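Each value in this text was obtained by applying a stated rule to the coordinates, not by laboratory testing. Predicted model, so just to flag it, every value in this text is computed and none were measured. Ideal geometry is used to build each Cβ from the backbone, glycine not excepted, and the neighbour counts take in all protein chains shown.
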Amino acid sequence: MSGATTVSEYQATHTVPGRMGIWWFLASEIMVFGGFLAIYILYRMASGGAWAEMANHVSAPIGTFNTIILLTSSLTMVKAFEAIDNEKRKQATNFLLITVILGLAFLGVKAFEYSSEIALGFTPLSGTFWAFYYALTGLHGLHIVAGVIFNASLLVMAMKGTLWPNTQHRVEYAGLYWHFVDIVWIFLFPLLYLSY
Amino acid sequence: MTDTKHAHPNYIVIWAWLVFLLAISVVAVYLPFSQWITVTFIFVVAAVKAVIVAMYFMHLKFEESLVRYIAIIPVLLFIIMTLSLIPDTVYNR
Amino acid sequence: MLDHWFPKNISTYGGEIDSVFYLIFYIVGIGFLLGEAAIFYFLIRYRRRDGKKAAFVNGERWSQAAWIIIPTAIVLVLDLWIDFAGAQAYDAIKGEMPVSETIVQVTGKQFNWIINYPGPDGIFGTEDDLTKENDLYVPVNKAVKTILKSEDVIHSFFVPVLRLKQDMVPGRTIEAWFEATETGKYEIACAELCGYGHYTMRGFLHILSEEDYAAWVSENWPDTNSESN
Amino acid sequence: MTEQKNAENGHSEELSFWRKYVFSTDHKVVGKQYLFIALFMAILGGVMAYYMRWQLAWPETAVPGAGWIPEPTAFGGIIPPEFYNALTTMHGTIMVFFVGMPFLLGAFGNFLLPLMIGAKDMAFPRLNMMSVWTLFLASLVMIASFFVEGGAASAGWTGYAPLSADPIHTGVTWGLNLWILGLALEFTSFLMGGINFLTTTITMRAPGMTMYRLPLMVWMQITAAVIFMLSVGPLIAGAILLLLDRTVGTGFFIPELGGDPLLWQHLFWFFGHPEVYVVLLPGFGAIMEILPVFSRKPIFAYKTIIWSTIIAGALSFLVWAHHMFVSGMDPRLAMPFSITTILISVPFAVVIFAFMATLWGGSIRFTTPMLFALGTVMTFIVGGATGIFNGSAPVDIFIHDTHFVVAHFHFTLFPDVFLGGFAALYFWFPKMFGRMMNETLGKIHFWVTTIAFNAVFIPMFVLGLGGSMRRVYNPLQYDFLKPMQGINEFITYAAIVLLLGQFIFMFNFFWSMFKGKKAERNPWNATTLEWSVSYPIPHDNFATIPTVYHGPYEYSLPGNKSDWQPQHEENEPVSG
């Protein structure tokens, strides 16, 4: 980010390189997840409802619970960003901590869900729906893991106080990514848990 | 680094809306409407939720138009791709 | 001269494909020659000479841009012409499938063509079905419907003389038709990479005259044939 | 220059050898690293092409120079069909993804983009370093796939399922898994690069450098980056599912297990066609820089070119099914896609006409870069024109999967990647290595390459019209192909000349790098910003960020005495 000094009145944009870069990254991510969702939707439509039987075995209550966890973590993430904008360091650290905990909670619930499904005999080889279920939630889960790691590294920096004064804007970028992962889940949840 | 101070809406209200929308889409599944109505409804709700998250949590509402294009064009492209694959992948197999 | 390029055509619709090809060939060929000639001319005419300065033409004004807009408009018109001719030919080939009495099922598998004849009852899966490998017998001057399937990977049923090429996709049933105008024995090739034996996937299309075909039928279905007579 | 360094770049002097040349964050070093990866992979791809051509001309005879390959890959120089399929697959993959993209986007994009817009470096220098090392890793994975049991991927560079989805169909196990992983790494590398290109161009231009003052090379790079970014996602999704099919045993593309093989083709070509333009546009960008310099004229219709390529890029997302006219997809889809395909020739016609109009009224100097640039335009016209045949659905029924198609795409990609790439290399070599390349050798290289290239691929059109299928190991299997075997032999002779001709280039390249004539700061009297700095260019490029006063192509301005007007100088240059 050494060149950020050149943002000047000659630029057509007021967006700093970091945020611009994150948005381009998210655009490519939209196409990756978009491709996944497209394949899933097309297969689901082609199956003509034959998947409903399989889809009946996922637990909508657990899915709903996990959705609430993720929505709340998005809230705390954006609150952390707000706190940073308002120079409230302690508050920002706390909100980051809650975000990380909620992210881990999501993963924990997901792991419980996986293990109970596998215990019932539903593995990725139990049919196309299950293959999609594990592929989609697995890829999303990997994104969550990446997000948790990134958020946790910011949390450590915030606790040590090294987040300021040069790197606090990373909370905003991490937030953008985190909200994007949340949006993906907003679509995965009805696709996998509700539409049987 | 942050060049402009962001406007920060009341995030808790937005979160409450999101949870409310989540609740009605879960409830809708158990209501005795036809499958098509239910499916359409829950996906419209999901889209609304996604837009709310993007607009407020991701500040798209306060960004310049270029950033909005970066976000919207892939979504449109995804929709175009899915729709144009329906005749072959869904009905031609 | 162009006739030497293609294999012989013995298909009723092969001529349509060839004529669209020629149409494109002449349009594109003339455009190509004009374009290359213009470039050569510019290169010679405007080569560097001492004391001669280049013209300052940046093409921003409409009067200048016309030099590329008009040729582009011509390209657009020619494109639409090609599209229109192509659409007609495509409709003739892939549109309505003609009614045909001869139906054959060809199944690709690594690395053979399995050819199923439904027999006199015209229904697949009955006892009088006949299965052959790599040899397809059809009558001349009759529309033949082929049902194309695959057992393992994607193959492509390619008969150069018929101008017929159609992929066979496992899990799908794809129909194609042809009507041959000449008798003889021709080659069938696989046009889609299907594994290490792809190049050995060679079959034969036997196009028989009406009498020969009747003889072939009575040879293969002697009992039923006498009954139906 | 060293006195003016500030705290930000002050560390550049103390960097160790490793940080300076290997793990460097300097966009110029990264660009050169891309260049060397591309050249190395090009040699690899070229050798594979030679093995294939020999097999096609003289089937099942020992290939001179293949005796070293151990069994069971080859047998004393005789190539078995399994290895032949691996060669076709890997040649395609390597040439498109590991030569075309690194050469044009990686090397020239990285080297030129910050210089051309007047930035000190890329927006994210460390991401830039990661992108080249990811590509390096991807190349290693690709090369490694030859050495695992079962050999390299052999399902075609398109990897059509279910041939690629289940090892039992090809006998290739880890080779194809590594192929998918290598591609995934390559995609990641260029996504990182693309994010960098776009962010840098949007946010870090020098004062006065408006979007409409950007050199067209920059425009082409960022357009290509956007196209790549928007098209590759679905294929990444598909590739993950394909890998799961192969390793876990799911059935996303296996029909017996409920999958749809054709969906893979849709996903592949949804990416595949835009990908062609990702490779094409940067090559065109180089041409667009070179033509004005050696015609001493502004490029014709600057803004029209920009918008034409953007329209072509947008259209390229709506044409993918033209690769699938005979694939068994819904036949009603064919005509709409045929029409969009043929219409895409319109924006490209605009660009080609603009090139021609640029030459008109110029003062044309035939230097080596100019020769290569002209060669690119003149041979690309053949590639573009033959695309119309493929785009027409009925004609495609016959020529699909024949050598006509092979000749067509080589006629689009070879001029662009190699002729265009060589043009760029001869042109910017002084800026990259501080010396000039030898002109005489360069001109010999040009004539050998262009003539041999045409001798290879023009006969291949005839071969294709005769019905000759691509990817066939031994054409003598078929009676209808036997009479055309002479053409095959001729093509192989020409291909050998084409490959040998590249030794001239290799010699010139390495000799000039160390022994060539020292280059002046601006040997071609070009106007863009990269020529305003002298070799060696310091890590932060510009001691002071230049201010831009002019458009990129102000040659032979009417009032000026000299015939060029650098972008960063307010008035006409003193020394003519």
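For this structure, a couple of remarks:
- Shape class of region D:361-469 from the Cα gyration tensor (axes a ≥ b ≥ c, square roots of the eigenvalues): prolate, since a/c reaches 1.5 or more and a/b is larger than b/c.
- Charge dipole (region D:348-466, unit charges on Cβ, about Cα centre) - positive-most of D:PHE429, D:THR358, D:ILE388: D:PHE429
- Listed by chain and number, the aspartates and glutamates placed with their C-alpha closer than 18 angstrom to that of D:LYS32 are D:ASP121, D:GLU186, D:GLU530, D:ASP540; residues fewer than eight positions away on the same chain are left out.
- Diffusion of region D:170-236 by Stokes-Einstein, at 37 °C in a medium of 0.692 mPa s and with Rh set to the Kirkwood radius over alpha-carbon pairs, works out to 236 µm²/s.
- Those residues of region D:56-76 whose amide nitrogen sits under 11 Å from the label point placed on D:LYS482, 7 Å along Cα→Cβ: none
- Taking 7 Å steps out from each Cα toward its Cβ at A:LYS88 and B:ILE37 produces label points 4.5 nm apart.
- Note on chain D: along the principal axes its Cα atoms extend 71, 50, 48 Å, ordered by decreasing extent.
- Check: chain D dipole with +1 on Lys, Arg Cβ and -1 on Asp, Glu Cβ, in debye: 1220 debye
- With both residues required to sit in the protein assembly as shown, DSSP beta bridges show an antiparallel share near 70%.
- Placing unit charges on the Cβ atoms of the charged side chains and taking the dipole of region C:2-94 about its Cα centre, the candidate lying farthest along the positive direction among C:PHE25, C:ALA73, C:PHE56 is C:PHE56.
- Inter-site label distance for C:LEU80 and A:LEU142 at 7 Å from Cα along Cβ, in nm: 4.9 nm
- Charge dipole magnitude, Cβ of K and R +1, D and E -1 - region C:102-228, Cα centre, debye nearest 20: 660 debye
- The radius of gyration of the Cα set in region D:122-265, together with its Dmax, comes out at 18.7, 61 angstrom.
- Whole-number D in µm² s⁻¹ for region A:33-134, Kirkwood Cα-pair radius fed into Stokes-Einstein, 4 °C, 1.567 mPa s: 81 µm²/s
- Qualifying aspartates and glutamates (Cα of each under 19 Å from Cα of B:LYS61; at least 8 residues distant if same chain): A:GLU82, A:ASP85, A:GLU172, A:ASP182, B:ASP3
- Estimated [θ] at 222 nm from DSSP helical runs (n ≥ 4, -39500 (n - 2.57)) normalised by residues in chain B, nearest 500: -22000 deg cm²/dmol
- Globularity index of chain C is 1.49 (Cα radius of gyration / 2.2 N^0.38 Å, N = number of residues).
- Close amide H pairs (under 5 Å, H built 1.01 Å from N) link D:VAL319 with no residue at least 5 positions away or on another chain.
- Working from label points 7 Å from Cα in the Cα-to-Cβ sense, the A:PHE112 to C:GLU182 distance is 7.7 nm.
- Helix A:170-189 and the longest principal axis of the Cα set of chain A meet at an angle near 20°.
- Dividing the C-alpha radius of gyration of region C:158-229 by 2.2 N^0.38 Å, with N its residue count, gives 1.41.
- Cα-based Lys pair tally, chain C, threshold under 24 Å, eight or more apart or on separate chains: 26
- Between the helical axis of C:210-220 and the longest alpha-carbon principal axis of chain C there is an angle of about 50 degrees.
- Highest GNM mean-square fluctuation among C:VAL57, C:VAL138, C:VAL75, for chain C modelled with Cα contacts below 10 Å: C:VAL57.
- Student exercise, region C:16-110 dipole from Lys, Arg, Asp, Glu Cβ charges, in Debye to nearest 20: 1080 debye
- Prolate/oblate/rounded call for chain B, Cα gyration tensor, a/c under 1.5 rounded: oblate
- Dipole of region D:115-251 computed with +1 at Lys/Arg Cβ and -1 at Asp/Glu Cβ about the Cα centre; of D:TRP174, D:VAL141, D:ILE227, farthest Cα towards the positive end is D:ILE227.
- Rg(Cα) / (2.2 N^0.38 Å) computed for region C:42-105, rounded to two decimals: 2.32
- Helical mean residue ellipticity (222 nm; -39500 (n - 2.57) per DSSP H run of 4+; nearest 500) of chain D: -19500 deg cm²/dmol
- Think of it as helices only: each DSSP H run of n ≥ 4 in chain C is worth -39500 (n - 2.57), and spread over all residues that comes to -12500 deg cm²/dmol at 222 nm.
- Shape of region C:1-49, Cα gyration tensor, a/c cut at 1.5: prolate
- When only alpha carbons of region D:431-576 are considered, Rg and Dmax amount to 24.0, 71 Å.
- Semi-axis lengths, largest first, of the ellipsoid equivalent to region C:1-85 are 39, 19, 5 Å, with √(5λ) applied to each eigenvalue of the Cα gyration tensor.
- Each of B:ARG68, C:ARG45 has some number of other Cβ atoms within 10 Å of its Cβ, and from fewest to most they run C:ARG45, B:ARG68.
- Cα long-axis angle, helix C:14-45 against chain C (0 to 90 degrees, to the nearest 10): 20 degrees
- What the Cβ-Cβ distance of D:ILE168 and C:GLU133 gives, at R0 = 25 Å and to the nearest 0.05, is a FRET efficiency of 0.70.
- FRET efficiency for B:VAL44 and D:MET513, using Cβ-Cβ distance with R0 set to 45 Å, rounded to 0.05: 0.15
- Residue exposure proxy: C:ARG202, C:ARG47, D:ARG471, ordered by other Cβ atoms within 10 angstrom of their Cβ from fewest to most, comes out as C:ARG47, C:ARG202, D:ARG471.
- Residue pairs, from the table D:LYS443/D:LYS517; D:LYS431/D:LYS517; D:LYS28/D:LYS120; A:LYS88/B:LYS49, whose Cα atoms sit over 19 Å apart: A:LYS88/B:LYS49
- P(r) weight above 32 Å for chain A, C-alpha pairs, percent: 26 percent
- Here, the protein assembly as shown yields an orientationally averaged convex hull projection of 45.9 nm² when only Cα atoms define the hull.
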